[in-house]
Amino acid sequence: MNRFQIEFLPLDLPLKRRFTISRGSRDEVNNVLVKIHSQGITGIGEAAPNHRYNETQESAMNFMDSFGSYETEYPFDVSLLVEKMKKHRGGEFAAKAGLEMALYDWIGKKLNIPLYKLLQAPDRTGPRTTYTFGIDKPEVMKEKVEEAEPYPLLKIKLGTDYDKDIIETIRELTDKPILVDANEGWKTVDQALDMIRFLDRRNVFVIEQPMPAECTREMKEVRLKSTIPLMADESITGKESLEELSSQFHGINIKLMKTGAISTSLKIIHQARKAGLQVMVGCMIESVIADTASALVALWADYADVDGHLLLKENPMEGLEIMPQGHIRLRDLPGLGLQ
């Protein structure tokens with residue numbers, strides 16, 4: 001029997017700038033560092049809980065505390081841990097993702113193989129990642145555009161009364177392709193279609209979650225009329241019908257903290273392909289630990305948004321690399337490749 005000791009502690013991460021989306025602002029994120037120990041090897045993971053899904057740092061740590069240690073005869077079968085966590089308690093997907101992430105890292109280290117090789121990824125280099133701007137006054141955007149100079153793709157948070165002014169300000173400064181994320185901020189079909197017509201002439205290549213997740217009927221109408229691909233974010237946690245989502249969106253944004261597992265995320269990608277959906281892999285605001293795990297999953301995706309660690313004042317470790325043209329790349333090191 002293989003016994004894993006589980007260790008966890010708060011991971012409070014100050015941001016470079018206040019980060020604002022349509023639901024609120026933050027200056028710091030409160031995540032959880034996860035470690036599992038066995039046979040002299042330590043696997044590392046991270047949980048990034050989100051209030052949108054009724055999860056907090058405290059609730060994530062409570063889950064891990066109540067889960068206790070993990071014993072198994074088959075330490076390389078990740079599905080056994082995922083199933084045990086599922087039976088232990090519903091919800092708390094960020095905590096579950098952090099634990100599974102740590103086990104995967106342990107397995108890679110134990111076998112002395114990078115996870116991208118163990119999971120037979122197509123390559124260790126993936127799509128170009130976007131660099132995200134939180135909502136801000138147009139006059140602040142100039143500074144943000146300068147900060148984003150090394151990154152070829154921008155992601156702009158919208159959902160305000162001055163969305164068009166934000167985009168016009170950015171377009172005066174750069175012609176880089178833009179992914180727009182409204183975070184459920186457009187409340188009517190007319191508002192969403194008006195914004196889509198406006199953005200269609202401004203080099204926007206994807207729009208993420210235009211309307212609230214409950215607006216399923218409205219999103220079907222918007223999808224039929226949209227000239228820009230629409231990506232589900234808040235509308236997908238991993239439990240929805242992908243066939244139903246394909247009638248509302250052109251693609252889905254998969255986040256480990258919502259699906260609760262790397263293994264689950266990979267299954268959803270394969271299902272999305274069968275449903276004719278494009279795939280993006282995104283992140284919460286998290287350190288390079290969780291972003292490296294997201295980058296691993298993104299090796300199978302069309303789009304990547306794994307820049308949460310770039311928004312932090314500092315990171316606890318080194319992990320994924322971002323190449324000069326913006327492509328994500330995993331390090332050729334055992335496990336997740338963290339140092």
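The values are calculated or read from the model by the stated rules, or taken from the named source; none is laboratory data. These figures come from a predicted structure and were not determined experimentally. We place every Cβ from the backbone using ideal geometry, glycine too, and count neighbours over all the protein chains shown.
Here are the numbers for this structure:
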item	result
Check on VAL29, in contact (Cβ under 8 Å) with a residue 24 or more places away in the chain, surrounded by 15 or more Cβ atoms within 10 Å (Cβ to Cβ), of a type in the set (A, V, I, L, M, F, W, C) and closer than 27 Å to PRO114 by Cα	no
Matching residues, the stretch 245-258, being in a helix (DSSP H, G or I), buried (at least 24 other Cβ atoms within 10 Å of the Cβ) and among the hydrophobic types (A, V, I, L, M, F, W, C)	LEU256, MET257
Identity of the residue in the stretch 119-136, part of a strand (DSSP E or B) and touching an Asp or Glu at 6+ places or on another chain (Cβ under 7 Å), that ends up nearest to ASP77 (Cα to Cα)	PRO127
Inter-residue pairs, beta-carbon under 6 Å, first crowded, with 21+ Cβ neighbours inside 10 Å and in the stretch 129-145, second outside any strand (DSSP E or B) and charged (D, E, K, R), 6+ apart	THR129/ASP307; THR130/ASP305; TYR131/ASP307; THR132/ASP307; PHE133/LYS144
Test: residue in the stretch 46-60 that is surrounded by 15 or more Cβ atoms within 10 Å (Cβ to Cβ), in a strand (DSSP E or B) and at pLDDT 95 or above	yes
Residue within the stretch 154-175 that is loosely packed, with under 14 Cβ neighbours inside 10 Å and hydroxyl-bearing (Ser, Thr, Tyr) present	yes
Failed item in (1) surrounded by fewer than 24 Cβ atoms within 10 Å (Cβ to Cβ); (2) closer than 26 Å to LYS16 by Cβ, with ALA97 passing the rest	(1)
Qualifying residue in the stretch 330-339 (condition: within 16 Å of the chain's Cα centre (by Cα), part of a loop (DSSP other than H, G, I, E, B), farther than 18 Å from GLU100 by Cβ and among the charged types (D, E, K, R))	no
Top-ranked residue in the stretch 100-109 [being touching a Phe, Trp or Tyr at 6+ places or on another chain (Cβ under 8 Å) and not aromatic (Phe, Trp, Tyr); ranked as surrounded by the fewest Cβ atoms within 10 Å (Cβ to Cβ)]	ILE107
Qualifying positions in the stretch 259-275 - within 16 Å of GLY98 (Cα to Cα) and either in the same structural domain as ALA102 (by TED's automatic domain parsing) or not in a helix (DSSP H, G or I) (or both)	GLY260, ALA261
Matching entry among GLY43, GLY91 (being outside any helix (DSSP H, G or I), of a type in the set (Gly, Ala, Ser) and free of Cβ contacts under 8 Å to residues at least 60 places away in the same chain)	GLY91
Condition check for GLU146: acidic (Asp, Glu) and farther than 21 Å from ILE228 by Cβ	yes
Residues located in the stretch 281-339, provided they are aliphatic (A, V, I, L, M), touching an Asp or Glu at 6+ places or on another chain (Cβ under 6 Å) and either surrounded by fewer than 24 Cβ atoms within 10 Å (Cβ to Cβ) or not assigned by TED's automatic domain parsing to the domain that holds LYS176 (or both)	LEU336
Scan of the stretch 27-51 for residues that are under 30 Å from MET141 (Cα atoms) and in contact with a Lys or Arg (Cβ under 7 Å, 6 or more places away or on another chain), ordered by number	ASP27
Residues that are outside any strand (DSSP E or B), closer than 25 Å to SER247 by Cβ and under 14 Å from the mean Cα position of the chain (by Cα), drawn from the stretch 276-296	GLY282
Identity of the residue in the stretch 176-193, over 18 Å from PRO152 (Cβ atoms) and of a type outside the set (A, V, I, L, M), that ends up surrounded by the most Cβ atoms within 10 Å (Cβ to Cβ)	TRP186
